Amino acid sequence: MPCELKEKKRTGVINPIFTCQPAGAQYASIGIKDCIAIVHGGQGCVMFVRLWFSQHYKESFELASSSVHEDGAVFGAVQRVEQAVDVLLMRYPYVKVVPIISTCSTEVIGDDIDGVVNKLNEGLLKEKYADRDIHLIPIHTPSFKGSHVSGYNVAVEAIIKHFAKNDKKDKKLNLLTGWQNPGDVKTLKHLLAEMDVDANVIFDIEEFDAPLMPDGNHVAHGSTTIDDLENTGSAIGTIALNNYEVGKAAHYLEETFDIPTKIGPAPIGIRNTDTFLQNIKELTGKSIPESLVKERGIALDAITDVAHMFLADKRVAIYGHPDLVIGLAEFCLDLEMKPVLLLLGDDNTTYTEEPRIKELQNNVDYDMEIIMNADLWELGDRLQNKGLKLDLILGHSKGRFIAMDSNVPLVRVGFPIFDRAGFYRQPIVGYEGAMILAERMANAWFTDMEYTKNKEWLLSMW
């Protein structure tokens, strides 16, 4: 079979592509306005995740820790949650939403975060904070399984289950964005505005690109409110961009509130953006305006300028979030490129049933490997020891040393990107994102042509 889907052969992980489930839950929490999550575990479970977010966005985010120590790991630490909630609410009077996120240590010792939430709702919140509308949400994210992608999925489902109501008169289209960048959300909102669609964007993280104002710096946070979350149960329809990041919440809304739902594909590339707009049209009855037809034409023109002459037949490896990797692979195929290695970095067992992977298996006519539960050692080993030939690598910044050692250009896309400035502002979705992606790949190849003296004369005649 030209396209093979298989597990990596090693049991250990060397240079992981993904991190742990609690990190994904924390990312979901910072997308909510007036929200600070408490991570029930050691301080490092927050400290290193906050650093991860700050490296990518160059911003500061608010997250709290129950700060479990050795005694809690032995005797249990639910009292640390009680203390953490009390201190957090005293210190931050504006906070309304407090997700309680478990970690590997507190899941192993069996701390009952659901029980402590019930206890706090009946005790502390009524006795000390009765004048405030506080929402405590238990979120179970043991980090000995899954990844930050599945952790985000679990967290979004828990948050939607807590808030969604079917008694709202404000009927909008739900847009569950998944793990996007501010530039992507801005582009998605632009597409919706051009179609005159009133959408409930969950989570709206455009404000992660926080301003530096005359009265001082501001902590970055999302713009999704409690009212937005409650309105998800009264929507005219739901579009979930990424199955592995927000699919659980989309299925819950469909099954509980009978809301028509479209799950994926993420609008990466021309083909998937067309599908995204058709999904909006089907759910809302709104037509696709001429302005977007023109926008599509501009993108096609820009892609045509670089695709056939410079990108066709280029061999590419792609790693990162599964929906992103699959979407990028589809876009590369549309550009006549050859994705030869796709790395999916977690232990999800459902990839074998993924329709888009099956489509690749049925249609790709050259050798392609799709590795499940992969790490970046798989990429480096193939390049350095197994004769893999690549022209480009697509992925986040953690692959930079492999790219440097192998002299293969790395086109940075995904999360995190910490060694280039401002990429979170540049969309990779929509027609604009397709144009930016194609030109970013072409420019990386142009630079390589110059440094390696590989037909660089073409650039003078192009």
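Key figures for this structure:
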{"quantity": "As computed over segment 21-146, the Cα convex hull volume per residue (Å³)", "calculated": "97"}
{"quantity": "Note, ³J(HN,Hα) from phi for segment 225-233, Karplus 6.51, -1.76, 1.60, rounded to Hz, x at Gly and Pro", "calculated": "9, 4, 4, 4, 5, 5, 5, 4, x"}
{"quantity": "Cβ-based charge dipole, segment 21-146, positive-most Cα from 99, 53, 140", "calculated": "53"}
{"quantity": "Amide proton proximity set for residue 240, modelled H, under 5 Å, gap of 5+", "calculated": "176, 262, 263, 264"}
{"quantity": "P(r) of the chain over all Cα-Cα pairs, binned every 10 Å from zero, in whole percent", "calculated": "4, 20, 29, 26, 14, 5, 1, 0"}
{"quantity": "Proxy reagent accessibility, fewest Cβ within 10 Å first, across 165, 262", "calculated": "165, 262"}
{"quantity": "Relative exposure of 80, 132, 400, judged by other C-beta atoms within 10 Å (fewest first)", "calculated": "132, 400, 80"}
{"quantity": "Cα-centred dipole magnitude for segment 21-146, charges only on beta-carbon of K, R (+1) and D, E (-1), debye, nearest 20", "calculated": "380"}
{"quantity": "Cross-link pairs beyond the 19 Å C-alpha cut-off, checked among 8/248; 172/262; 171/262; 96/171; 8/386; 172/281", "calculated": "8/248; 96/171"}
{"quantity": "Loop-located trypsin sites (Lys or Arg not before Pro) in segment 1-73 whose Cβ has at most 14 other Cβ within 10 Å (DSSP)", "calculated": "9, 10, 58"}
{"quantity": "Kyte-Doolittle mean at least -0.5 and Cα axial length at least 30 Å: DSSP H helices in the chain", "calculated": "430-452"}
{"quantity": "For residue 314, distant residues with modelled amide H under 5 Å away", "calculated": "338"}
{"quantity": "Other-chain or far-sequence residues with amide H under 5 Å of residue 374's (modelled H)", "calculated": "344, 345, 346"}
{"quantity": "Environment charge of residue 401, counting only residues whose C-beta is closer than 14 Å and scoring Lys/Arg +1, Asp/Glu -1", "calculated": "-1"}
{"quantity": "Binned Cα-Cα distance frequencies in segment 327-462 - 5 Å width, integer %", "calculated": "2, 8, 17, 21, 21, 19, 8, 3, 1, 0"}
{"quantity": "√(5λ) per eigenvalue of the Cα gyration tensor, segment 173-288, largest first, Å", "calculated": "25, 17, 13"}
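Laboratory data are not the source of any read-out in this text; all were calculated from the coordinates shown. Please read these numbers as outputs of a predicted model, since none were measured by experiment. Heads up, the Cβs are rebuilt from the backbone with ideal geometry, glycines too, and the neighbour counts pull from every protein chain shown.
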